[in-house]
Amino acid sequence: MPPPLHNAAPPAEPAGLVRRLGPLDAAAIVISNVIGGGIFFVPIIVAGLVPSGWALLGVWLFGGVLAFAGAMAYAELATLRPRAGGEYVYLRDAYGRLAAFLSGWTSFVAGFSGAIAAGAVALAEYIGRFAPFASDHTPLLTIPIPYVPMVVTPQALMAILSIALLSAIHLHTTGRLVHNLLANAQHNLANRFESGQGVAQNYAEAVKWYRLAANQKHPMAQANLGVMYERGHGVRQDFVQAQMWFILSASLFLASEAKSRGLVVRNRDQLARIMTPEQLAAARQLAREWRPAK
């Protein structure tokens, strides 16, 4: 006679990677990499190596074309081989396990590690604008390693601390919330510029920070951006752009944010009454085609 069902051991869950990140998290990671790793300090280096502003723009455009080609190649490979492992999977299937193994270790030792180190040093340099010790290059300790002596400076310690802190955060499930918190910070800063709280009122700065948060799909930032376009504060008055942001914002609010969504819907409907059918159609088309700016 079989044992009672309530005494049966629960079935073991299949081993594997847990899919915790969604499209919003992936988009936030890509945007953060582009803004943090490229916009803040790479143009300064490139500008010092080229003879003119047009040459700088040309290099930037050429790099963008190469990056786009790489993104399309990765998208095609990921579609054909939707398995965890990234480059390792693609190189293993194309050239064998040894090539894939060597590529993975090269990325770990030099590629990704170098990029993380460069970003951390740049972060320490920018923190030094507010806390000078963070970007101090004064040697504290020199470790005599042959050919490449290791010099420990306050800037290096700040860079190491930032890497350790972010690594600790991302070891937990709360790591995915960091990007959303940054989006909220950008939205709050835009609010301060718009209202003049603690800073000089500056609509143009408010629009800039609202855009950064809106690109990370922050619904309130998108709604406020719609108001700025509707009133012509910081930007040229444009009802089509305003309606587009209202439409996008209304679609992102959670069920628990019904009150905020109701305010946005009311603004959207009121604006629709004074727009022509052509303008409404254009706004809806823009909302359907909208993608976060890179």
Could you look through the stretch 38-79, keep only residues that are in a loop (DSSP other than H, G, I, E, B) and under 19 Å from the mean Cα position of the chain (by Cα), and pick out the one that is surrounded by the most Cβ atoms within 10 Å (Cβ to Cβ)? F41
Within the stretch 240-252, the residues that are surrounded by fewer than 20 Cβ atoms within 10 Å (Cβ to Cβ) and either among the aromatic types (F, W, Y) or over 22 Å from Y203 (Cβ atoms) (or both) are S251, L252
Report yes if some residue within the stretch 196-209 is closer than 24 Å to A117 by Cα and either modelled with pLDDT under 70 or in contact with a Lys or Arg (Cβ under 9 Å, 6 or more places away or on another chain) (or both); otherwise report no. no
Kindly provide the set of residues from the stretch 114-136 that are more than 10 Å from A159 (Cβ to Cβ) and touching a residue at least 40 places away in the same chain (Cβ under 8 Å), ordered by number. A115, Y126
Return the total of residues in the stretch 122-162 being buried (at least 17 other Cβ atoms within 10 Å of the Cβ) and of a type in the set (A, V, I, L, M). 8
If I filter the stretch 251-266 down to residues being at pLDDT below 85 and either touching a helix residue (DSSP H, G or I) at 6+ places or on another chain (Cβ under 7 Å) or not small (G, A, S) (or both), which single residue comes out as nearest to R211 (Cα to Cα)? L252
For residues that are without any contact (Cβ under 8 Å) to a residue 40 or more places away in the chain, within 22 Å of A258 (Cα to Cα) and in a loop (DSSP other than H, G, I, E, B), tally how many sit in the stretch 198-245. 1
Considering only the stretch 88-105, state which residues are surrounded by fewer than 13 Cβ atoms within 10 Å (Cβ to Cβ) and not in a loop (DSSP other than H, G, I, E, B). A94, Y95, R97, L98, L102, W105
If a residue must be surrounded by fewer than 17 Cβ atoms within 10 Å (Cβ to Cβ) and either of a type in the set (A, V, I, L, M) or more than 17 Å from L166 (Cβ to Cβ) (or both), how many such residues does the stretch 109-120 contain? 7
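The values are calculated or read from the model by the stated rules, or taken from the named source; none is laboratory data. Note that the structure is predicted; figures quoted are calculated from it, not measured. With ideal geometry, Cβ positions are generated from the backbone for all residues, glycine too; neighbour counts draw on all protein chains shown.
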